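The values are calculated or read from the model by the stated rules, or taken from the named source; none is laboratory data. All figures in this text were calculated on a predicted structure; none of them were measured in a lab. Please note: Cβ atoms are built from the backbone with ideal geometry, for glycine as well, and neighbour counts cover all protein chains shown.
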Amino acid sequence: MNELLEKPQQITFDITDRCQMQCVTCSKWKTHAIDVIDKELTTEDWKKVLYDLRNWLGEGFWFCFSGGEPFLRSDIFELSEYAHGLGIKVASMTNAFGIQHLYQKIINSPIESLNISLNAINNPDIHDLSRGRKGSFEKALDAIMSLKKLRDENKTNLGINIATIILPENLEEIIPLVEFVTRNKINGIMFQLLDDKESFHGYNVQKGCNTQDYQMPYELRKKYLVMSKRAVEIINKLIEMKRAGHSIYNSYEQLDAMKVFFNNPDEIIDAIKCDVGSTNYAIDPYGNVRLCFNMEPVGNVKENKPEYIWTSANSQHCRYMTKSCKMYCRMLNCNFKGNFVNFNTSFIKKVKNKIFKVLTGKC
Ligand SMILES: C[S@@+](CC[C@H](N)C(=O)[O-])C[C@H]1O[C@@H](n2cnc3c(N)ncnc32)[C@H](O)[C@@H]1O
Ligand code: SF4
Ligand code: SF4
């Protein structure tokens, strides 16, 4: 085993690929329930994963339920309780479309951080169009406000965060979203760069895409080009707002990197080293483990213990391949760790130093 290899820092349970939205940026919703439902890990399978992770990583680490839409799995609460009992901290992402009947359950659960996706605030149509379902804005906003009210009434510590993709269509919504967060005392907001919708969930790989000679699709490059000037202005404003105390989770380093990216996406390939191989541990609904979501799985938790997979030859090979990868998903939040759940401050400090070194060529 490589002596320098640390334990993973960002653990994701994609508990289902199923989803009720039809986001224009994502392909997950094309999964048919009938094709996958019998193949998903069971509640007991996930509990075993949690148990094994706890034995390996000790108490106090965070993991995040994602997907697909994680709240489509009704055992999310049972799994959260189980994780909590083992001393593991639970976060979740959600599109908030079908959780209206679950508000009180969420408040009573050990979920400590809930990241609700919201792509607009002044113009509901922008959010609805990006999510492919009319009424999704109303539901996401209701979830944010109702959960906040319940959280305050019940005096619990649930962190309520907003997750927003920066799109050509929502550029003028970005600053109002931050103002909304501050005005309503939402815990914080996290911006995500728009990624290629096929590679975003590794679908490119299934079609034979090679990460080593990836070419950004022309349509996506055109989108970045069209928005670049205004995007840089807005990111400058975000930096100012963050300095002034608005709760923007993205690090200054990531915001700076976004500006470099919008000026010329290709510069990022040499400037930012993708670190997913030494930090990420993503488990898909069928038990496959990926360090990089655009490469083949490195193992399956049904066959091997999580720790064995992390140190396996497959994982070492994946880490080696990340070094010469030519994809742009290194700009996503999973490569700017401390951002995402924003809990572990010593870890954030470490990551910040590292990104600073990458940006200044001092590594
Ligand atoms: C894949 S979703 C899973 C959780 C849940 N279904 C949701 O939408 O919040 C996680 C996050 O990825 C974002 N996302 C979707 N497509 C994206 C893309 N092409 N590039 C970057 N982020 C994307 C979503 O907006 C969401 O905030
Ligand atoms: S981004 Fe989330 S809500 Fe949208 S299709 Fe993908 S998994 Fe579903
Ligand atoms: S940039 Fe990182 S996450 Fe994206 S394909 Fe390359 S190694 Fe994987």
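Observations on the model:
- Subset tally (residues that are near ligand 2 (Cβ under 9 Å from one of its atoms) and among the hydrophobic types (A, V, I, L, M, F, W, C)) for segment 1-23: 3
- Which numbered condition residue 173 fails, given (1) in a helix (DSSP H, G or I); (2) over 29 Å from residue 216 (Cβ atoms); (3) charged (D, E, K, R): (2)
- Checking each residue of segment 86-96 against the condition of being within 16 Å of ligand 2 (Cβ to nearest atom), out of contact with any helix residue (DSSP H, G or I) (no Cβ under 7 Å at 6 or more places or on another chain) and among the small types (Gly, Ala, Ser) gives at least one match.
- A count restricted to segment 264-292 and to residues that are aromatic (Phe, Trp, Tyr) and either surrounded by fewer than 22 Cβ atoms within 10 Å (Cβ to Cβ) or touching a Lys or Arg at 6+ places or on another chain (Cβ under 8 Å) (or both) stands at 1.
- Residue count for segment 103-138 under the criterion of being within 16 Å of ligand 1 (Cβ to nearest atom) and in a strand (DSSP E or B): the result is 6.
- Some residue of segment 7-22 being at pLDDT 95 or above, of a type in the set (Ser, Thr, Tyr) and under 17 Å from residue 299 (Cβ atoms): yes
- Within segment 152-168, residues that are surrounded by fewer than 19 Cβ atoms within 10 Å (Cβ to Cβ) sit with their Cβ atoms under 9 Å from residues that are assigned to a helix (DSSP H, G or I) and of a type in the set (A, V, I, L, M), at 6+ positions apart or across chains, in these pairs: 153/107; 154/107; 156/107; 156/150; 168/226; 168/227; 168/231.
- Residue within segment 290-300 that is within 17 Å of residue 43 (Cα to Cα) and modelled with pLDDT of 95 or more present: yes
- Only helices (runs of 4 or more DSSP H) whose full extent lies in segment 1-98 are considered here, and the ones with at least 3 residues that are surrounded by fewer than 22 Cβ atoms within 10 Å (Cβ to Cβ), more than 22 Å from the chain's Cα centre (by Cα) and touching a residue at least 40 places away in the same chain (Cβ under 8 Å) are 43-57.
- Complete set of residues in segment 13-45 that are among the hydrophobic types (A, V, I, L, M, F, W, C), farther than 21 Å from residue 199 by Cβ and in contact with a Lys or Arg (Cβ under 9 Å, 6 or more places away or on another chain): 15, 33, 37, 41
- Scanning segment 249-274 for residues that are aliphatic (A, V, I, L, M) and closer than 13 Å to residue 191 by Cβ gives 255, 257, 258.
- Filter result (closer than 23 Å to residue 4 by Cα, more than 16 Å from ligand 3 (Cβ to nearest atom) and touching a Leu at 6+ places or on another chain (Cβ under 7 Å)) within segment 279-310: 306
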